Amino acid sequence: MATRKQHGWVGRGPVVSVRLEPELIDRLDTLAERTGRSRGTYLRMALWAALPSLERMHWEQVAADFEELAIKDAFEEITLGLMEDALKNDRRKRYDKDTA
């Protein structure tokens, strides 16, 4: 539902639709009515304020996931190398034993 102040943005940018709890809408409408600004103004302000934190949390999680995978991959690579070395040594010992 458009408010009186939204006429300045109509047709200027993409529209995003979101379902909100009635309590949030009531609070948003009360704020908009008290200040004479639109819902959209406050929604944009809230998004601009919240996005940096959300992005930072996302990238911290991506970095943590990458770090975890990198550690796991390194562990598997080291373990595989040790197992291959152990097999080579075992084969060499058997060969030396059989040829002696």
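Summary table below
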quantity	calculated
Cα-based reach from K88 at 19 Å (exclusive), listing aspartates and glutamates while leaving out same-chain residues under 8 positions away	E76, E77, D96, D98
Chain lengthening between L80 and R19 when straightened (0.36 nm per residue, less Cα-Cα)	16.8 nm
Full-extension gain in nm, R44 to D26, via 0.36 nm per residue minus C-alpha separation	4.8 nm
Angle between the chain longest axis and helix 39-99 axis [Cα atoms, degrees, rounded to 10]	10
Linear extension gain, I71 paired with R56, 0.36 nm per residue minus alpha-carbon span	3.2 nm
Cα-only Debye scattering, the stretch 22-98: base-10 log of I(q)/I(0) at q = 0.15, 0.20, 0.26 Å⁻¹	-0.75, -0.91, -1.07
Crossing angle, helix 22-35 versus the chain [Cα axis fit, 0-90 degrees, rounded to tens]	50
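Bear in mind that the values in this text are calculations on the coordinates, not laboratory data. Since we're looking at a predicted model, the values are computed, not measured.
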